[in-house]
Amino acid sequence: MTLLKTLDLPMGVEMPGFCLPDPFGEFHSSEKLSGEKGLLVVFTCNHCPYANAQWPRLVRLARHARRLGINTVAINANIHPDYPEDAPEKMKEKITELGIDFLYLIDESQNVARAFQAQCTPDPYLFDASGRLAYHGRIDDHWQDENRATRRELQEAVEHLAAGLPVEKKQHPSMGCSIKWRF
């Protein structure tokens, strides 16, 4: 496991377009995923301890965001023979286990992860309704234990974006296991 942090990307960049399948074989286009106020895209996976610690928070935050007009999509770019826990069949199990009620998509080619410049799991990106990056950073300030978190930066960004308020400019990178690139 290699620990990495997200890249510092300029706010306002346009979201790369994509069309990816879910583990049930249905394809989804990014053009149809955004909510009225925006879209949260999170690169994540099943096996990473950083991602696993934050999955329950992400599921709850996605429900909250949806009520505010922001949809969520998770993308797994770790479809790699050396990581069978991240296989599409295991993604189906994760969806059931956690009650994930948003799309969890497969980026088998890893082209979408590359277009986003994703580095680790989890790697969250919050886009406004026009598809411009408004937040790219950590979910909160304590990845291991949400009860010890004092700042929930991604939730704050979602709430500000939905309310039409400025999103905090100082953003702390997310960190997690590196994406398992298949060179």
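The values are calculated or read from the model by the stated rules, or taken from the named source; none is laboratory data. Everything numeric here is computed off the predicted structure, so don't read it as measured data. All Cβ positions, glycine included, derive from the backbone under ideal geometry; neighbour counts span all protein chains shown. Heavy atoms of the whole protein, side chains included, go into the accessibility calculation; ligands, DNA and RNA do not. Shrake-Rupley method; radii C 1.70, N 1.55, O 1.52, S 1.80 Å.
Test Tyr135 against the criterion of being aromatic (Phe, Trp, Tyr) and over 15 Å from the mean Cα position of the chain (by Cα), and give yes or no. No: the conditions fail for Tyr135.
Within the stretch 94-116, the residues that satisfy the criterion of being of a type in the set (D, E, K, R) and either in a helix (DSSP H, G or I) or exposed (fewer than 14 other Cβ atoms within 10 Å of the Cβ) (or both) are Lys94, Glu97, Asp101, Arg114.
Condition check ((1) touching a Ser or Thr at 6+ places or on another chain (Cβ under 9 Å); (2) closer than 18 Å to His80 by Cβ; (3) among the acidic types (Asp, Glu)) across all residues:
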{"site": "Ile100", "(1), (2), (3)": "no, no, no"}
{"site": "Leu105", "(1), (2), (3)": "no, yes, no"}
{"site": "Gln110", "(1), (2), (3)": "no, yes, no"}
{"site": "Ala115", "(1), (2), (3)": "no, no, no"}
{"site": "Pro122", "(1), (2), (3)": "yes, yes, no"}
{"site": "Ala149", "(1), (2), (3)": "no, no, no"}
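For Cys48, the criteria (1) buried (at least 18 other Cβ atoms within 10 Å of the Cβ); (2) without any contact (Cβ under 8 Å) to a residue 24 or more places away in the chain hold in every case but one, which is (2). Residues that are surrounded by fewer than 22 Cβ atoms within 10 Å (Cβ to Cβ), on the phi > 0 side of the Ramachandran plot and not in a strand (DSSP E or B): does the stretch 75-93 have at least one? Within the stretch 75-93 (the criterion being surrounded by fewer than 22 Cβ atoms within 10 Å (Cβ to Cβ), on the phi > 0 side of the Ramachandran plot and not in a strand (DSSP E or B)), the answer is no, since none of the residues qualifies.
Conditions (1) at pLDDT 95 or above; (2) out of contact with any His (no Cβ under 6 Å at 6 or more places or on another chain), marked per residue:
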| residue | (1), (2) |
| --- | --- |
| Asn71 | yes, yes |
| Ile75 | yes, yes |
| Asp82 | no, yes |
| Tyr104 | yes, yes |
| Glu108 | yes, yes |
| Arg114 | yes, yes |
| Pro122 | yes, yes |
| Tyr125 | yes, no |
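The single condition from (1) farther than 13 Å from Val73 by Cα; (2) open to solvent by less than 80 Å² (accessible area, probe 1.4 Å) that Cys19 fails is (1).
If you go through the stretch 142-164 and keep only what is in contact with a helix residue (DSSP H, G or I) (Cβ under 7 Å, 6 or more places away or on another chain) and open to solvent by less than 70 Å² (accessible area, probe 1.4 Å), you end up with His142, Trp143, Glu146, Leu154, Gln155, Val158. Among the residues of the stretch 142-183, what is the count of those that are more than 17 Å from Arg57 (Cα to Cα) and in a helix (DSSP H, G or I)? The number of residues fulfilling the criteria is 4. Among residues of the stretch 87-98 that are free of Cβ contacts under 8 Å to residues at least 12 places away in the same chain and of a type in the set (Lys, Arg), none has a beta-carbon under 7 Å from a residue that is open to solvent by 90 Å² or more (accessible area, probe 1.4 Å) and in a helix (DSSP H, G or I) at least six positions away or on a different chain.
Looking across the stretch 54-74, the residues that are open to solvent by less than 30 Å² (accessible area, probe 1.4 Å) and over 19 Å from Ser30 (Cβ atoms) come down to Gln54, Trp55, Arg57, Val59, Leu61.
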